[in-house]
1. Could you tell me whether any residue of the range 550-558 is in contact (Cβ under 8 Å) with a residue 40 or more places away in the chain and farther than 26 Å from M493 by Cβ?
2. Just checking, which of V631, V595 is in a helix (DSSP H, G or I), more than 50 Å from the chain's Cα centre (by Cα) and either touching a residue at least 12 places away in the same chain (Cβ under 8 Å) or farther than 23 Å from P511 by Cβ (or both)?
3. Looking only at helices (runs of 4 or more DSSP H) that fall completely inside the range 125-197, which ones have 2 or more residues that are closer than 30 Å to R44 by Cα and at pLDDT below 95?
4. Could you list all residues from the range 545-572 that are surrounded by 17 or more Cβ atoms within 10 Å (Cβ to Cβ), among the hydrophobic types (A, V, I, L, M, F, W, C) and not in a loop (DSSP other than H, G, I, E, B)?
5. Quick one: how many residues across the range 624-652 are within 21 Å of Y465 (Cα to Cα) and β-branched (V, I, T)?
6. Look through A408, A467 and report the one residue that is among the small types (G, A, S), in a helix (DSSP H, G or I), in contact with a strand residue (DSSP E or B) (Cβ under 6 Å, 6 or more places away or on another chain) and modelled with pLDDT of 80 or more.
7. Would you point out the residue of the range 105-128, among those that are touching a residue at least 24 places away in the same chain (Cβ under 8 Å) and of a type in the set (D, E, K, R), that is surrounded by the fewest Cβ atoms within 10 Å (Cβ to Cβ)?
8. Listed residues A621, A575, A587; which is without any contact (Cβ under 8 Å) to a residue 40 or more places away in the chain and part of a loop (DSSP other than H, G, I, E, B)?
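The values are calculated or read from the model by the stated rules, or taken from the named source; none is laboratory data. Everything numeric here is computed off the predicted structure, so don't read it as measured data. Heads up, the Cβs are rebuilt from the backbone with ideal geometry, glycines too, and the neighbour counts pull from every protein chain shown.
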Amino acid sequence: MAALQRQYTNERARWELAKEAGQVGTFDYEPVTGRLLWDEQLQRMFGYDPATFTESLDAFNARVHPDDARWHAEALQSAVDTAGEYDVEYRIVLPDGETRWIHARGRHLPGPDGRTDHLIGAAYDTTGEREAATRVTRILEAMPAGFYSLDREWHFTHVNAEAERLLGYGRDELLGKVLWDAFPAALNSVFEESYRKAVSSGEPISFDAYYPAPLDGWYELRAWPTPDGLSVYFLEVTERRAADERAERWARQMAILAQVTAELAGTLDTQVATARLPRLVVPALADFCVVTVIGADGHPRDVGSWHVDPSARSLLERYREVRLDAMPMTAPVARALHTGEAATFRGTDVLDLLPPGPARDLLGLLAPASEVALPLRARGRIVGLLTLFYAEGHAPTDEDVAIAQDVADRAGLAWDNARLFSAQQQLAEGLQRSLLTEPPEPEHSEIAVRYLPAAEAARVGGDWYDAFLQPSGDAILVIGDVVGHDTEAAAAMGQLRSLLRGIATYSNGDPVEVLRGLDASMATLQLATLATAAVARFEQTAEERRRGVSRMRWANAGHLPPLLLNPDGTVAELAPWVGDLMLGVDAGAQRRESVVTLDHGSTVLLYTDGLVERRDADLDAGVARLRDALVELADLPLEELLDELLERLVQGRPDDDVALVAVRLRRRDPS
């Protein structure tokens with residue numbers, strides 16, 4: 001018995017400590033007598049002095065807030081009558097006028113007759129919790145984002161004012177309602193998937209999603225699980241997404257323009273320009289396209305096309321080959337070419353205008369839903385047309401057409417630039433070639449010449465060759481290179497070539513005298529030009545004619561030395577690489593002359609540095625490649641030898657101008 005008493009005392013002490021720590025008071029109400037027993041904790045909570053507390057229900061009712069008195073009395077009586085749970089939260093007013101919130105819970109103890117004999121329970125002050133909840137509610141109501149909370153059965157338990165506005169329902173319509181019933185389109189969507197994932201994982205989740213009509217908007221959502229269910233914060237981002245999409249579309253369009261500009265500005269070849277354009281346009285601006293240019297004869301020609309679907313490209317090429325011949329003048333494409341104004345039309349409009357035949361059949365297979373014809377404009381005239389085709393479901397916007405017209409204008413200018421450059425190039429090259437005359441045909445030797453302009457430069461420059469006979473009958477070979485790569489260099493080359501020819505043919509002088517005379521003339525005429533040159537003269541006495549040999553007398557003004565291909569196929573350099581001072585530096589400079597005896601069958605090659613120079617290798621390596629090629633090609637006829645050298649060393653497209661002049665000696669009749 002003593003042990004039980006000690007156990008009871010200990011448990012009672014622990015309960016008292018727990019009550020004090022949690023600030024929980026206890027009560028015992030006897031409905032029959034109306035007696036109400038409170039512990040001291042509860043008496044102090046209600047503002048009573050334990051010494052004077054009357055232990056009556058009237059003492060309790062005296063503290064209950066007037067607005068809560070009636071409903072609380074009914075709740076208490078209901079709990080007594082039904083022997084049910086007593087769980088209420090109400091307000092009390094303390095003697096100093098302060099209002100506090102109290103949460104009380106109780107359980108009935110039945111008497112012998114089954115009716116409530118005692119209602120015992122506990123109560124605690126929830127004012128602090130209420131104030132915190134009120135603050136949270138105020139914050140939620142004031143926040144500019146929608147917020148709602150759901151319980152574990154997906155019922156709405158809280159909806160703030162912004163959520164009411166965004167969702168189009170009042171909170172009275174939503175509270176207690178199941179989310180999936182209120183918004184059925186959320187079922188089997190990213191909404192349901194994301195919400196259930198957050199609840200099952202216990203982790204917050206963020207996502208963007210579109211909800212159809214009646215909301216018809218995009219939303220940015222963040223959902224996080226709570227002990228009671230799920231809370232959701234959301235913003236409508238429809239306008240922001242539209243702005244982002246516009247910005248992305250603008251960025252893509254600017255990227256297309258930049259790429260078109262870079263690609264087309266990087267070439268002055270009309271064929272390359274027209275071939276690149278369709279691949280730049282598709283699929284960025286259209287599903288497929290055709291490029292038309294107006295030729296020199298004034299007639300339009302379809303010259304390029306591209307389709308987003310590789311399997312349809314051959315079909316589009318066949319349509320491109322026949323469409324203009326079949327297109328009537330009333331067709332939108334013809335009108336766009338004639339008026340210079342863009343035209344937007346349906347694919348069926350063209351189909352109806354085309355006569356029966358391959359063009360109509362092919363267009364039917366390509367099946368464009370719509371087309372846009374954009375003129376290629378340059379310098380106030382129409383130079384072509386860009387026709388864009390769109391498949392079903394891909395209608396062009398006004399912005400698409402505007403950016404496409406910008407592309408067409410840039411393409412038109414690039415194509416016209418390439419056309420003008422090609423015309424100027426052909427004119428300049430023709431003028432330059434007119435200065436480089438055909439070589440003579442002396443009986444004792446064969447002379448061959450070649451000139452190849454640079455592939456990417458202005459195609460006119462200062463390289464030149466020459467071959468002519470002096471009054472003595474001796475053959476003169478010249479190779480030269482004016483500093484520079486433009487029309488000015490070409491003009492200077494023409495002057496120097498003519499001066500040298502005049503000096504050599506009038507004076508009948510040796511090569512060294514010809515170079516001295518040219519240098520002096522340049523100084524006298526004040527030609528501000530620098531140039532390198534090598535001059536070689538081939539001579540024979542009667543004795544040498546009988547022996548079948550010739551002499552080569554030559555002088556070098558800073559040029560690469562000639563190469564000698566001997567009859568046995570070996571190659572020799574006729575002098576050290578460094579020659580005398582180049583022309584145009586010092587007219588009084590000393591110049592030297594060299595003489596070498598050559599057997600018949602020997603070949604001498606004079607060349608400019610474009611043949612051996614490379615961006616990725618030095619000049620010595622280039623000369624070595626030339627020597628090796630000469631050895632391998634020694635048995636070829638002279639004309640074929642020069643062609644093969646150009647092909648092997650520069651593949652027909654040199655980085656710099658190339659001029660070659662070669663002579664192959666043959667035995668002259670002794671008589």
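1. So far as the range 550-558 goes, yes, one or more of its residues are in contact (Cβ under 8 Å) with a residue 40 or more places away in the chain and farther than 26 Å from M493 by Cβ.
2. V631
3. Output list reads 127-142.
4. V549, M552, W554, A555, A557, L563, L564, L565, V571
5. Total meeting the criteria: 1.
6. Only one candidate passes the filter, namely A408.
7. R115
8. On inspection, the qualifying residue turns out to be A575.
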